[in-house]
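Taking it in order: structure first as structure tokens, then the write-up.
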Amino acid sequence: MGVNQHDVEFRFCPVCGGELDISIPKPDEPSRLICGGCDFIFYLDPKVVACTILEKDGKILLLKRGINPQKGKWVMPGGYVDRKEAVETAAVRGTFEECNVRVRIEDLAGVYSYPGKLAVVIVYKARYLEGELTPKDETQAAEWFSEKEIPWSDLAFRSTTDAVRNYSSAKQARQALSE
């Protein structure tokens, strides 16, 4: 992480209002934003995203984004985790808010993060409980896709592609073991 991670996103201290300067507080640490007035260190933490992979009748649920970035591309249901919210709760809430479906978390499917990206994406395998599939809020469409129908070239984010691919691979491995 270099100085560019700070860009000019934050300029003033949230504690005393003093100007933030870029410096290295300890050897072997990246540069940080530090207040010249009160020495407050402003840690720029990642954004946590919680998603679900929901399968029903052999198909997985994907949503077409109605907002930028990647408007019109397909993603897993989910969204940002609110401060002090459990990640699993955020995944359940995000799924309902985006497509009107209630789910129960079954298992962790994967955690995805990439150099230069702010988001850490946590994906859970979920079980459908109830609700009529209806695009809501930031969603243009909500559809069930068989593995052969997945619009691979129209998936919105690397995390979506990686999570769906990993889920599909794991499913195939489980099926091979049960044969």
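The values are calculated or read from the model by the stated rules, or taken from the named source; none is laboratory data. Everything numeric in this text was worked out from a predicted model, so none of it was measured. Backbone-built Cβ (ideal geometry, glycine too); neighbour counts: all protein chains shown.
Determine whether P30 is surrounded by fewer than 12 Cβ atoms within 10 Å (Cβ to Cβ) and either modelled with pLDDT of 95 or more or not in a strand (DSSP E or B) (or both). Here the answer is no, as P30 does not meet what is asked. Among the residues of this structure, K84 does not count as one that is at pLDDT below 95 and part of a loop (DSSP other than H, G, I, E, B). Could you tell me how many of the residues in the stretch 87-129 are under 14 Å from the mean Cα position of the chain (by Cα) and not in a strand (DSSP E or B)? The number of residues fulfilling the criteria is 13. The residue list K171, K136 contains one member that is closer than 20 Å to R102 by Cα and of a type outside the set (S, T, Y), which is K136.
Only residues that are among the acidic types (D, E), touching a Lys or Arg at 6+ places or on another chain (Cβ under 8 Å) and in contact (Cβ under 8 Å) with a residue 40 or more places away in the chain were counted across the stretch 111-146, and they come to 2. Among the residues of the stretch 137-173, those that are β-branched (V, I, T) and not assigned by TED's automatic domain parsing to the domain that holds L61 comprise T160, T161, V164.
Kindly evaluate V92 against the criterion of being β-branched (V, I, T), in contact (Cβ under 8 Å) with a residue 40 or more places away in the chain, out of contact with any Phe, Trp or Tyr (no Cβ under 8 Å at 6 or more places or on another chain) and within 11 Å of T52 (Cβ to Cβ). Yes.
When each of R11, R102 is tested for being exposed (fewer than 12 other Cβ atoms within 10 Å of the Cβ), more than 22 Å from S113 (Cα to Cα) and touching an Asp or Glu at 6+ places or on another chain (Cβ under 7 Å), the lone residue that passes is R11. Scanning the stretch 42-72 for residues that are exposed (fewer than 15 other Cβ atoms within 10 Å of the Cβ) and either in a strand (DSSP E or B) or among the basic types (K, R) (or both) yields a count of 3.
In the stretch 114-126, of all residues being surrounded by 13 or more Cβ atoms within 10 Å (Cβ to Cβ) and of a type outside the set (A, V, I, L, M, F, W, C), the one that is modelled with the lowest pLDDT corresponds to K117. In the stretch 147-171, the qualifying residues are those that are among the aliphatic types (A, V, I, L, M) and more than 14 Å from K64 (Cβ to Cβ), and the one that is surrounded by the most Cβ atoms within 10 Å (Cβ to Cβ) is A163. For D7, state whether it is more than 18 Å from V164 (Cα to Cα), in a loop (DSSP other than H, G, I, E, B) and modelled with pLDDT of 95 or more. No: the conditions fail for D7.
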